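The values are calculated or read from the model by the stated rules, or taken from the named source; none is laboratory data. Bear in mind the structure is a predicted one, so any value in this text is a computation, not a measurement. Here Cβ is always computed from backbone atoms with ideal geometry, including for glycine, and neighbour counts include all displayed protein chains.
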Amino acid sequence: MLNKNQLDELSQIIEDQYGTPETLANWLDLAVEMLFYVEENTFSRVEIQEVATALKSIARVLR
């Protein structure tokens, strides 16, 4: 379970970088899709960078 500091930090990341939890959830859904369908020209460079940033941010908080 996340402690209060982790929850606060995760909430701040969501607010600052994604605006809403739904927006972050959409990027995370796209990350899952990318794992199944990564082929050249399937996703834009920006989409891949956004997903990578989202995953790194969450991983940092969870550690």
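Considering LEU7, LEU55, LEU30, the condition of being surrounded by 12 or more Cβ atoms within 10 Å (Cβ to Cβ) and in contact (Cβ under 8 Å) with a residue 24 or more places away in the chain is satisfied by LEU55 alone.
When every residue of region 10-26 is checked against the conditions, none turns out to be at pLDDT below 85, out of contact with any Leu (no Cβ under 8 Å at 6 or more places or on another chain) and of a type in the set (Asp, Glu). For region 49-63, state whether one or more residues are touching an Asp or Glu at 6+ places or on another chain (Cβ under 6 Å) and within 21 Å of LEU2 (Cα to Cα). Yes, because at least one residue in region 49-63 is touching an Asp or Glu at 6+ places or on another chain (Cβ under 6 Å) and within 21 Å of LEU2 (Cα to Cα).
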